[in-house]
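The values are calculated or read from the model by the stated rules, or taken from the named source; none is laboratory data. Worth saying up front: this structure is predicted, and the values here are computed from it rather than measured. Neighbour counts run over all protein chains shown; Cβ positions are idealised from the backbone, glycine included. Surface areas here come from the heavy atoms of the whole protein model, side chains and all, with no ligands, DNA or RNA. Shrake-Rupley method; radii C 1.70, N 1.55, O 1.52, S 1.80 Å.
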Amino acid sequence: MKKDNRCDLIVIGGGLAGCEAAWQAANRNLKIKLFEMRPSLMTGAHETGNLAELVCSNSLGSNLIDRASGLLKEELRICGSLLMKAAEKSKIPAGNALAVDRNSFSQFVESELASHPNIEIIREEVKIIPEQIPVILASGPLTSKDLSESIQSITGKENLFFYDAIAPVITYDSINFKTAYKASRYGKGNASEGDYINCPFTKEEYYQFAEALRTAERIALHSFEGEIDQGVNAGKESYFEGCLPVEVLANRNPDALAFGPMRPVGLIDPRTNKRPYAVIQLRQDNLAGSLYNIVGFQTNLKQQEQNRVFHMIPGLENAVFERYGQMHRNTYIASPGLINEFLQLTNDQRIFFAGQLSGVEGYVGNIASGLAAGINASALIHQQPLVRFPDKTMIGALLHYISHAEKKHFQPMKANFGILPPLDDPSRSKQDRGQQYSARSLETIRKLILP
Ligand SMILES: Cc1cc2nc3c(=O)[nH]c(=O)nc-3n(C[C@H](O)[C@H](O)[C@H](O)COP(=O)(O)OP(=O)(O)OC[C@H]3O[C@@H](n4cnc5c(N)ncnc54)[C@H](O)[C@@H]3O)c2cc1C
């Protein structure tokens, strides 16, 4: 069928959120131009030019409706999600999880979009946010350099982040308990011994360690992150302030760690009966208790440097690393206050954000935000009231969270029962509570009338 050249809405990014958004809007009688830069310009994670490529795992998480992720999927099915249909068509056996054949999944989405009379797929990088026409920005965690700069120009530099960092994980058996001790701050917590393992520092040990951290070699962050390449303290605004790599903290001020992740308050060392000068805490990382992560110690040091510097920690002289700390690209906006629960930019309501870029985490959450953005952009264009997904639904709770959470500590959020309003009469059993949340959410979403 010949497609005319009218364009009511531009969707940037043919990933999970963008494909869902384009589909929803096209089904509401709008002409869509969907821009996808691959395959001519690839990201560091995608391997194909396929639309809706799953970049890593082929699992969309639990399919049980009394689990948060399963509930979100069911809500999406009720709302007519294309990508949930694609997942159903391409699913492979995976117990209670919904896993898919990634090629069939992408192919189904691509053929539905390509054959839709209202959708034109354009294989091109968008470098600047289009003016005048309504637009959905769904370019994902690996948004291209030029477009990121254009996004920064509307959000402000301080509101667009490029990196998440993760802390190292070590094995329990390799911890030296002649020095390390179990305790929770001020004796709080569940276990009688304390929930944390603490590694105490003398003043001298602390400053030696902080200096070693500050001067250790880091992994260079390349090309588009160029501003970060230019020395230890350059480009610090590209990190999320609530999740700074420890070497960046140490470089800002030698005392910063002692007042931050290494603060010793409430952690008396039972061997000296005194408060250490500084403390590094380890928190259980797996159910079996065989792995512990170093709390607040996200880092981008080279692996051999992590080996050298973290072995200076009293009690971790022989620590075995199960996973080294690392940084990974994750472009997202500080959404609270910047966008509303309709996913519109508050100071330019023609611009919608969807997907990981909007501060939602995980495949299915990103699909959900695409669905909501597509529906609401359509309502805006048709001059209808925008759809407020009720807070009692998982879709509504996610949108409410990303637009209203405390900005200072904002991190991308995935579906979980903790963001739903409390139950009136919660069961004591976790499983029953899951069913209660789920029943309430599904009853609510079934009553929602979508335009
Ligand atoms: C390496 C990595 C692994 C991940 N693994 C998982 C996982 O296993 N499970 C999970 O639940 N979540 C995972 N995530 C998080 C997230 O769920 C996925 O990244 C998800 O694909 C995000 O959906 P999206 O629609 O926001 O972005 P994407 O699916 O990445 O779609 C964005 C699209 O926009 C395109 N694009 C970018 N810039 C432009 C531009 N300027 N012009 C035109 N097109 C552009 C990109 O090529 C891409 O196709 C992972 C993230 C990363 C980075």
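A few notes on this one:
- Potential extension, residue 57-residue 259 segment - 0.36 nm per residue separation minus Cα distance: 68.9 nm
- Each residue of region 39-55 is assigned a 3J(HN,Hα), and the resulting list reads x, 5, 10, 8, 9, x, 10, 5, 10, 10, x, 5, 5, 6, 6, 7, 6 Hz, derived from the Karplus form 6.51 cos²θ - 1.76 cosθ + 1.60 (θ = phi - 60°), x at Gly and Pro.
- Taking 7 Å steps out from each Cα toward its Cβ at residue 131 and residue 288 produces label points 6.0 nm apart.
- Sequence-distant residues sharing a close amide H with residue 63 (under 5 Å, placed H): 97, 98
- Look at the dipole of the chain built from charges on Cβ: of 111, 379, 219, the Cα furthest out on the positive end belongs to 379.
- Residue-normalised accessible area of the chain, given per residue in Å² at a 1.4 Å probe: 44
- For the chain, the share of accessible area belonging to carbon and sulfur comes to 50 percent (1.4 Å probe, ligands and nucleic acids excluded).
- 5 angstrom amide H check on residue 14, placed H, neighbours 5+ away: 37
- Cα-projected label distance for residue 211 with residue 302, points at 7 Å along beta-carbon direction, nm: 2.1
- Surface accessible to a 1.4 Å probe, residue 255 within the full protein complex, Å²: 50
- Taking every DSSP helix (H) stretch of at least 4 residues in the chain, weighting each as -39,500 (n - 2.57) and dividing the sum by the residue count yields a mean residue ellipticity at 222 nm of -9000 deg cm²/dmol.
- Distance between modelled label sites at residue 220 and residue 115, nm, 7 Å Cα→Cβ extension: 4.9
- Full-stretch length increase - residue 448, residue 408 - with 0.36 nm per residue and alpha-carbon distance subtracted: 11.1 nm
- Difference of contour (0.36 nm per residue) and Cα-Cα distance, residue 182 to residue 146: 8.1 nm
- Computed from phi, the 3J(HN,Hα) profile of region 326-340 under the Karplus parametrisation 6.51, -1.76, 1.60 (θ = phi - 60°) reads 6, 10, 9, 5, 7, 7, 7, 8, 7, 5, x, x, 7, 10, 9 Hz, with x in place of Gly and Pro.
- Seen from residue 450, the other residues with C-beta closer than 15 Å to its C-beta sum to a net charge of +3, counting Lys and Arg as +1 and Asp and Glu as -1.
- Of the beta bridges in the chain, as assigned by DSSP with both residues counted there, near 65 percent are antiparallel.
- Each residue of region 262-279 is assigned a 3J(HN,Hα), and the resulting list reads 9, 5, x, 4, x, 10, 5, 7, x, 7, 10, 6, 10, 7, x, 5, 7, 9 Hz, derived from the Karplus form 6.51 cos²θ - 1.76 cosθ + 1.60 (θ = phi - 60°), x at Gly and Pro.
- Rounded to the nearest 10 Å², the accessible area of residue 350 at probe 1.4 Å: 50
- By accessible area with a 1.4 Å probe, ligands and nucleic acids excluded, highest first: order of 392, 274: 274, 392
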